[in-house]
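Written out below as structure tokens is the structure these notes cover.
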Amino acid sequence: SNPFEVKVNKQKFNILGRKTKNDVGLPGVSRSKAIKKRTQTLLKEYKEKEKSNVFKDKRFGEYNTKISPEEKMIKRFTLERQQNFGKNNIYNLNEDEELTHYGQSLAEIEKLNDIVDSDSDTEERGTLSAELTAAHFGGGGGLLRKKGSSGQEGEAEEKPKSRKELIEELIAKSKQEKQERQTQRESALELTEKLDNDWKEIQTLMVRKTPKSEKKDKEEKPKPDEYDMIVRELGFEMKAKPSDRMKTEEELAKEEQARLQKLEADRLRRMRGIDEKEEAKKKPKHISADDLADGFILDKDDRRMLSYKDGKINTENEEEEEGGNEESNENEEEGEEEDNEHEEGSEEESAAEDEEGVDEDNHSDLESDLESEEEGTGNKEPNQESNENKSQNMEEQDLKMEAARSELPYTFAVPESYEKFKSLLTGRTIEQQLIILERIQKCNHPSLAVGNKEKLEKLFGFLLEYIGELATLDLPELKTIDRLVLPLYNLCQMFPVSASDSMKFVLRDAAHDMEEMIEVKGRATFPGLDTLIYLKITSLLFPTSDFWHPVVTPTFVYMSQLLTKCRITTLQDVVKGLFICCLFLEYVSLSRRFVPELINFLLGILHISLPKKQAQGYTVVHPFTPVGKNLELLLVSDKKDLETWQKQNLPLSIVTRLKEMSRTELNHIRLSCLALCFDLTKKCAALYESLPSFHEIMHPVRILLTQHLPVSEYPEQMREWYNSALRELENKAKHYTPLVCEKKKPEPLKQYTPKIVKVLEFGRKLGGSKKEQERKRLIHKHKREFKGAIREIRKDNQFLARLQLEEIMERDAARKRKVKELLGSLATQEGEWKAMKRKKRKN
Amino acid sequence: QLPTGLYKKVLVILHDSILPYMNEPTLMIDFLTVAYGIGGAISLLALNGLFILIHQHNLEYPDFYKKLYSLLDPSIYHVKYRARFFHLADLFLSSSHLPAYLVAAFIKRLSRLALTAPPEALLMVIPFICNLFRRHPACKVLVHRPNGPEDLSEDPYIMEEKEPSESRALESSLWELQSLQNHYHPDVAQAAAVLNQSLSEIEDNISSLLELSACELFDREIKKKNADVPLEFEPVRGLFGKKNDIFTEHFTLD
């Protein structure tokens, strides 16, 4: 083409292997292209700039270039037909298609349906029509025959009837028949009408008297409906599907065991404070060179569980500790299995009972649970006799439950406030209270209505408060609390979060009370029995072995405060303190965590049982003092009391009323406390024997036991307690291994091997990771596109400006032209006028 | 010569209300040394005034560290002036010129006493000990003794020895902190577990931990939010109905 229209991009160097696409440009062509494009798009937009109405072309396929014009036409035609289909145009005569039967339009037949369809008619008509058809169509033969016969007759009678006559006869006959039929029909109609009227008269009478007979008459109508209904029902009915087969008892037991094992494994994991998420995170990091990448990971916990069963343990620190535990754990599991069996048995029994009592069926499950649990406790007892006694007690209780059940209403709303809740329960027996709670739970199960969850969550708080109130009574109703723990546990299982919240709330209250007391008085006293009960309940509801637990950990801190801050001034304080010591031991019984306060407190208790003298070789810490007025609180010097003492279980009600007791009784309680203290010391020793500094921890206690206690004065039984505690302390091997830090992972040395980077394109630096590269690429692309867009916009503006200028020029030119024209015409006018003037003058 | 209550009151305010306004603070030397010698809480309180005299007025106190060492007894973790004492102890032991045996003796004694300490004190003293290790790397044998004797029948450290140099602390190991790794409070257990690994170079700031009280500890725990609450799976059979319940042996529900 024209070399002047070509722009060549000069290249400095020729590079082999590089493809160049922009070495030659055609500016003229590209410009004209761009202008064309703009006139098609931008110009249109510009022209329609301030016009809001739009022309829409809805013709089918008008702008679709893929369809050929013929196809387009065909499609348009079919569309048109489709649109008109179904529309009945009354003026359209051509397309009126009518279906006929027997020469009559079907529509008309349908209209007259009732009249034509009388039963006898059809037959008659059939015969008639047969005759007629015979006459009309196939009738040639028939007629001929008749003709023949008539002919024969005619031969005899001289042809009395011609063909015409014959036909007339036929017609007359048919007409007659028709008339007859009509009269018949009319009479029938009349008769039915009459019948209907009669029936209506009777109907009014019959409706009132015997609806049953009426039903019989009416059955004609509802019958098909019923049938329909049945058919539909059958159609839509849920078909019985095969479900899982019933599990055998063994399988159930196995499942239960597996569940318990899983729960136990969870508990252990939590006890060691391993975060599952962390574990999951860590796992992919440690990929050894030998990893087959088949997703098989040797799970540490599983292995632990296995070894746990075999009786071997292979974990770092807790090895020896748990050795003793295992057997007992296994025993426990077996025990639980037994329990399960018992549960099943009791369920059967209760099922049998249910059949007798109609009102019971709602509560059978819960009841059986209760029974089985109670039976379970019975079985736990090693003592057979007590077992029997207990089961008898259970039976009695069951009887009581039955009685209570029958007396109470069946539905209860969840009380709105604590006062209402309390009024609901007060004045009832234990059994009744339990049933009320049970029924409240049943009637307001969260699956039944929307708001029930919140209501039941509140119920937990109410119950807790109620228990606290029962415990603060002058005569604490501990037996009731003992039973009320069950619904509390159930509620807690249903709503763990809200239960933990209300438990925390109670704890916080107690702790803040103590804090205030310390601030005001400078020292604290032990809280009431209710708080002690709450602490105990916490251990029932939540797992105390967790490394961290939202409820249990604050409880630990609170109890530690109780043991370190509260002054011991009375015997009740001692009992309360020992109760908390028991709690501590129970809390850590599985996790075997170290509680310094516990040892301190036991040491202090032993210290106050000594006669006054300077303690040597050990130091007691707060709240106990080596010297002071509360020493000898547990010292019993009365010989007679010492002799008559029998180890007794401390009744918890001591905590609230102690004053009515005689001196001897008080002394006996003192001695019981001492025995309890010995036992706790023994349990501590058993618990902590695996701690590396066990001897240092127990050192002061041992000194006190061996050197200071007046053992010789103790009665025989006390000496036994003392000796067993001392034995547990003494026979532990001293065993120290020097500490060694865990090896630090060696940090890799910095190396000087060259860094290898993939080169994708020459002349471009490729650094960083894939992500970085991608980012750079995107940035570059964005930059380029941005520039391009700016250029385009600029050109658009230029184009528009040119357009506008052209418009203005055009307008100006038109104006000029018009002005010129006008001036011209004016000039000619003027000229003509002047010429006229001149002419006149001349004239 | 003074009643105990008054003694304490005087000593509490001595260092910031009396000593700076005296023309001759050295006059207080006798008073303070006597108070320091009494023992117990009074000694702890006298320490502060004494420190000012030593630090600013060039007092030379023979066997100061020995005396400080002998002040360490189980009550230091329980008394009200705990924060004050540990603040000063931190100052005294911050010198890098102290002999290793002395620091080791302090570490060993503090950790031995920690076996009876409440959690709030433990949370303070464990980072304290870690700081001592950082300042005196020679003491690290207490937690890391790779080529030591295999089995010992006795802790070489002598608790009753008054003289730090004779206490054989450097031959011992910190089994106490290892025991505390089993502490019931998760934070304490975690803090104690730090010694299993090699320590980082940067010292912990214990000034915020000094004043930590049990109530604050409780509040901190109870305010923690947790989405899910693990539950006890063993069904309840009554108030004392757990397996092997200790309470059934010693208490009745009467």
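Tell me the angle of helix B:119-135 to the major Cα principal axis of chain B, expressed in degrees between 0 and 90 and rounded to the nearest ten.
Computed tilt is about 60 degrees.
Counting only other residues whose beta carbon sits under 10 Å from that of B:Lys223, what net charge do I get with K and R as +1, D and E as -1?
Charge balance in the 10 Å sphere: +3.
Where the centre of each part is set by its Cα atoms, how far does region A:425-471 sit from region A:565-605, in angstrom?
One Cα centre to the other: 33 Å.
Pull up all non-local amide H partners of A:Ala524: gap of 5 or more, or a different chain, and H-to-H distance under 5 Å with H placed in the peptide plane.
Close amide H contacts, sequence-distant or interchain: A:Arg567.
Looking at region A:718-737, which residues lose a minimum of 50 Å² of accessible area between their chain alone and all protein chains in place, measuring with a 1.4 Å probe and not counting ligands or nucleic acids?
By number: A:Lys734, A:Tyr736.
Taking all pairs of distinct Cα atoms, average 1/r, flip it, and tell me the Kirkwood hydrodynamic radius of region A:567-735 in Å to one decimal place.
Kirkwood hydrodynamic radius for region A:567-735: 16.4 Å.
So which trypsin sites (Lys or Arg not before Pro) in region A:591-700 pass both tests, a DSSP loop state and at most 11 other Cβ atoms within 10 Å of the Cβ? Display every interim value, and only then the final one.
Numbers: sites: A:Arg592, A:Arg593, A:Lys612, A:Lys613, A:Lys629, A:Lys639, A:Lys640, A:Lys647, A:Arg657, A:Lys659, A:Arg663, A:Arg670, A:Lys682, A:Lys683; in loops: A:Arg592, A:Arg593, A:Lys612, A:Lys613, A:Lys629, A:Lys647, A:Arg657, A:Lys659.
In loop regions of region A:591-700 (DSSP not H, G, I, E or B), the sparsely surrounded trypsin sites (Lys or Arg not before Pro) are A:Lys612, A:Lys613, A:Lys629, A:Lys659.
What translational diffusion coefficient, in µm²/s and rounded to a whole number, does the Stokes-Einstein relation yield for region A:410-494 at 4 °C and a viscosity of 1.567 mPa s, taking the hydrodynamic radius as the Kirkwood radius over Cα pairs? Present the calculation step by step, with values, prior to reporting the outcome.
On the way: Rh = 13.0 Å.
D, rounded to a whole number, is 100 µm²/s.
What does the accessible area per residue of region A:567-735 come to in Å², with a 1.4 Å probe and no ligands, DNA or RNA counted? Let's see the in-between values first.
On the way: 6620 Å² over 169 residues.
About 39 Å² of surface per residue is accessible.
Just read off the accessible area of B:Ser207 with the full protein assembly in place, 1.4 Å probe, to the nearest 10 Å².
Counting only protein heavy atoms, the figure is 70 Å².
Please tell me the relative contact order of chain B in percent, rounded to the nearest whole number, where contacts are Cα pairs under 8 Å and at least six residues apart. Before the final figure, lay out the partial values.
On the way: 208 pairs, mean separation 42.9, N = 254.
In percent, rounded to a whole number, it is 17.
Using heavy-atom solvent-accessible surface (probe 1.4 Å) with all chains present, what is the largest-first order of A:Tyr688, A:Tyr46? Could the numbers behind the result be given before it?
Numbers: A:Tyr688 0, A:Tyr46 45 Å².
The most accessible residue leads, giving A:Tyr46, A:Tyr688.
To the nearest 0.05, how large is the calculated FRET efficiency for A:Arg31 and A:Glu806 if R₀ is 22 Å and r is the Cβ-Cβ distance? Numbers along the way, then the final one.
On the way: r = 17 Å, r/R0 = 0.77.
According to the calculation, E is roughly 0.85.
Got a number for the accessible area of A:Cys443? Probe 1.4 Å, square angstrom, nearest 10.
40 Å²
Could you order A:Thr472, A:Thr411, B:Thr252 by accessible surface area, starting with the largest, using a probe radius of 1.4 Å?
A:Thr411, A:Thr472, B:Thr252
If you average the C-alpha positions of region B:158-203 and of region A:709-740 separately, how far apart do those two centres end up, in angstrom?
For region B:158-203 versus region A:709-740, the Cα centre distance is 26 Å.
Quick one: with all protein chains in place, what share of the accessible area of region A:567-735 is carbon or sulfur, to the nearest percent (1.4 Å probe)?
Of the solvent-accessible surface of region A:567-735, carbon and sulfur hold 48 percent.
Assigning unit charges at the beta carbon (Lys, Arg +1; Asp, Glu -1) and nothing else, what dipole magnitude in debye, to the nearest 20, does region A:567-735 show about its Cα centre?
Numbers: 21 positive and 17 negative charges, 50 e Å.
My answer is approximately 240 debye.
Are any of the pairs A:Lys10/A:Lys33; A:Lys576/B:Lys243; A:Lys745/A:Lys776; A:Lys453/B:Lys242; A:Lys521/B:Lys108 more than 26 Å apart by Cα-Cα distance, and if so, which?
Violating the 26 Å limit, Cα to Cα: A:Lys745/A:Lys776; A:Lys453/B:Lys242; A:Lys521/B:Lys108.
Quick one: among B:Val79, B:Val194, B:Val229, which has the greatest mean-square fluctuation in a GNM of chain B with alpha-carbon springs under 10 angstrom?
Taking springs between Cα atoms under 10 Å, the residue moving most is B:Val229.
Taking the radius of gyration and the Kirkwood hydrodynamic radius from Cα positions alone, what is the Rg/Rh ratio for region A:403-557, to two decimal places?
On the Cα set of region A:403-557, Rg over Rh gives 1.00.
Could you report the accessible area of A:Ile779 in Å², rounded to 10, computed with a 1.4 Å probe on the protein chains as they sit in the structure?
Spelled out: A:Ile779, probe radius 1.4 Å, area about 90 Å².
If you take the beta carbon distance between A:Glu251 and A:Lys453 as r and set R0 to 45 Å, what does 1/(1 + (r/R0)^6) give as a FRET efficiency, to the nearest 0.05?
0.85
Residues of region A:513-558 losing 30 Å² or more of accessible area relative to the isolated chain, 1.4 Å probe, heavy atoms only?
In region A:513-558, residues shielded by partner chains: A:Glu515, A:Lys536, A:Leu540, A:Pro543, A:Phe547, A:Trp548, A:Pro550, A:Thr553, A:Pro554, A:Phe556, A:Val557.
Given C-alpha coordinates of region B:98-225, what is the ratio Rg to Rh with the Kirkwood estimate of Rh? Display every interim value, and only then the final one.
On the way: Rg = 15.2 Å, Rh = 15.5 Å.
That ratio is 0.99, to two decimals.
Which value, in square angstrom to the nearest 100, describes the accessible area buried between chains A and B on both sides, using a 1.4 angstrom probe?
Adding both sides of the contact gives about 8000 Å².
May I ask for the longest run of chain B untouched by GluC sites (Glu not before Pro) that are loop-located per DSSP and have at most 11 neighbouring C-beta atoms (other than their own) within 10 Å?
No qualifying site falls inside B:61-149, the longest such stretch.
Any idea what the relative contact order of region A:567-735 is, in percent, if you count C-alpha pairs under 8 Å spaced at least 6 apart?
About 29 percent, as a whole number.
For region B:98-225, calculate the relative contact order in percent as a whole number, restricting contacts to Cα pairs under 8 Å that are 6 or more residues apart.
36 percent
Across every pair of different alpha-carbon atoms, what Kirkwood hydrodynamic radius in Å does chain B reach?
Computed over chain B, the radius equals 20.9 Å.
At 1.4 Å probe size, put A:Leu778, A:Leu729, A:Leu191 in order of accessible surface, largest to smallest.
From most exposed to least exposed: A:Leu191, A:Leu778, A:Leu729.
The values are calculated or read from the model by the stated rules, or taken from the named source; none is laboratory data. Quick caveat, the model's predicted, so the values are computed rather than measured. Note that we place each Cβ from the backbone using ideal geometry, even for glycine, and neighbour counts take in every protein chain shown. Ligands, DNA and RNA are stripped out before the accessible areas are found, and what is left, the full protein with its side chains, is counted by its heavy atoms. Shrake-Rupley method; radii C 1.70, N 1.55, O 1.52, S 1.80 Å.
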